[in-house]
Amino acid sequence: AQSVTQPDIHITVSEGASLELRCNYSYGATPYLFWYVQSPGQGLQLLLKYFSGDTLVQGIKGFEAEFKRSQSSFNLRKPSVHWSDAAEYFCAVGGLAGGSYIPTFGRGTSLIVHP
Amino acid sequence: DSGVTQTPKHLITATGQRVTLRCSPRSGDLSVYWYQQSLDQGLQFLIHYYNGEERAKGNILERFSAQQFPDLHSELNLSSLELGDSALYFCASSVDGTGIYEQYFGPGTRLTVT
C-alpha cells in the first residue's frame with residue numbers, strides 16, 4: 001500500500017523568504033504525485049501534480065515541485081513566500097484502486113508566515 | 001469557489017443518530033469522491049463514485065454508506081453515530097473516473113457528534 005510522509009508538522013518562514021516543504025512517498029510503481037493547499041475553513045485546492053515527463057513541475061501561485069525517484073521525494077518549493085501562503089499543505093500519492101487513482105494524503109504541513 | 005457544493009455546512013447531532021450529507025459536483029463532472037478529515041486520522045479517502053456506480057472503497061465504516069444519483073449528486077449516510085465520527089467531511093468531483101485529472105473539493109461539512 002502507498003503512503004506519504006510529511007516530516008514537518010509546522011514550518012515558520014518570514015515573508016519574502018524561500019520555502020521548501022518536504023514530502024516522501026512509498027509506492028511500488030511509478031507514482032502519481034500531488035500537492036494540495038487548504039486555507040482555513042476551506043476545501044483543498046490542487047497546486048500541482050506529477051504524472052510523468054519533466055521532473056520539475058510548475059504549479060499555481062508560483063509553486064514548483066521536483067520529483068526525485070532515487071529519494072522517493074516530491075518536495076514543494078517557492079522562491080519568495082507571501083503572507084497569503086499561510087495555510088496547510090498536503091502531499092498525496094495516487095494509488096490504483098478500482099480502476100482509478102485514489103490519493104493517499106500525508107498528515108500535512110502547516111505553514112506560518114511572519115511579516 | 002470550486003463549483004462543488006456541500007450541504008449542510010455544519011451539523012450537530014447526538015450519538016446513535018443518523019445523518020445525510022449532500023454533495024453536488026461541478027457541472028460536467030462524473031466522479032464524486034468522499035473524504036473524512038479528523039485530527040486523529042488526517043485526511044482519509046472513503047469512497048468513489050463514477051457516473052452512478054461505486055468505483056473504489058477506502059476506509060469507510062460499515063455504518064457509512066453512499067450513493068450517486070442519476071443527476072450525479074451524491075449523498076453520504078452516516079448511521080449509529082459515535083463521538084469518533086466527529087470530523088470534517090469533504091466531497092470532491094472530477095471530470096472522469098481515472099483519478100488523473102484534478103479533483104475539485106467542496107468546502108466540507110463539519111459534523112459534531114455529542
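For segment A:56-95, the tally of residues that are over 20 Å from B:G42 (Cα atoms) and within 14 Å of chain B (Cβ to nearest Cβ) stands at 3. Criterion applied to B:D71, B:D1, B:D96 was being without any contact (Cβ under 8 Å) to a residue 24 or more places away in the chain, farther than 27 Å from A:T5 by Cβ and within 13 Å of chain A (Cβ to nearest Cβ), and the one residue passing it is B:D1.
So which residues in segment B:22-55 are small (G, A, S), assigned to a strand (DSSP E or B) and over 13 Å from the mean Cα position of the chain (by Cα)?
Keep residues of segment B:22-55 that are small (G, A, S), which gives B:24, B:27-28, B:31, B:38, B:42, B:52.
Narrowing further to those that are assigned to a strand (DSSP E or B): B:24, B:31, B:38, B:42.
Within segment B:22-55, B:S38, B:G42 meet the criteria.
Take residues that are without any contact (Cβ under 8 Å) to a residue 40 or more places away in the chain and tell me which of the strands (runs of 3 or more DSSP E) falling wholly in segment A:1-75 contain 3 or more. Here the list reads A:44-50, A:56-58, A:64-68. Taking first residues from segment B:41-56 that are more than 15 Å from A:G99 (Cβ to Cβ) and within 8 Å of chain A (Cβ to nearest Cβ) and partners that are of a type in the set (K, R) and outside any strand (DSSP E or B), the Cβ contacts under 8 Å between residues at least 6 apart in sequence or on separate chains come to B:G42/A:R107.
Residues in segment B:75-93 that are aliphatic (A, V, I, L, M), away from chain A (no Cβ under 14 Å) and touching a Gly at 6+ places or on another chain (Cβ under 7 Å): 1 in all. Please work out which residue is farthest from the other protein chains (Cβ to nearest Cβ), limiting yourself to segment B:4-19 and to residues that are exposed (fewer than 15 other Cβ atoms within 10 Å of the Cβ) and among the β-branched types (V, I, T). For segment B:4-19, the residue satisfying everything is B:T15.
For segment B:71-114, a residue qualifies if it is surrounded by 16 or more Cβ atoms within 10 Å (Cβ to Cβ), modelled with pLDDT of 95 or more and among the polar types (S, T, N, Q), and the qualifying residues are B:S74, B:S86, B:S93, B:T109.
The values are calculated or read from the model by the stated rules, or taken from the named source; none is laboratory data. None of the values given here were measured: they were computed from a predicted structure. Neighbour counts run over all protein chains shown; Cβ positions are idealised from the backbone, glycine included.
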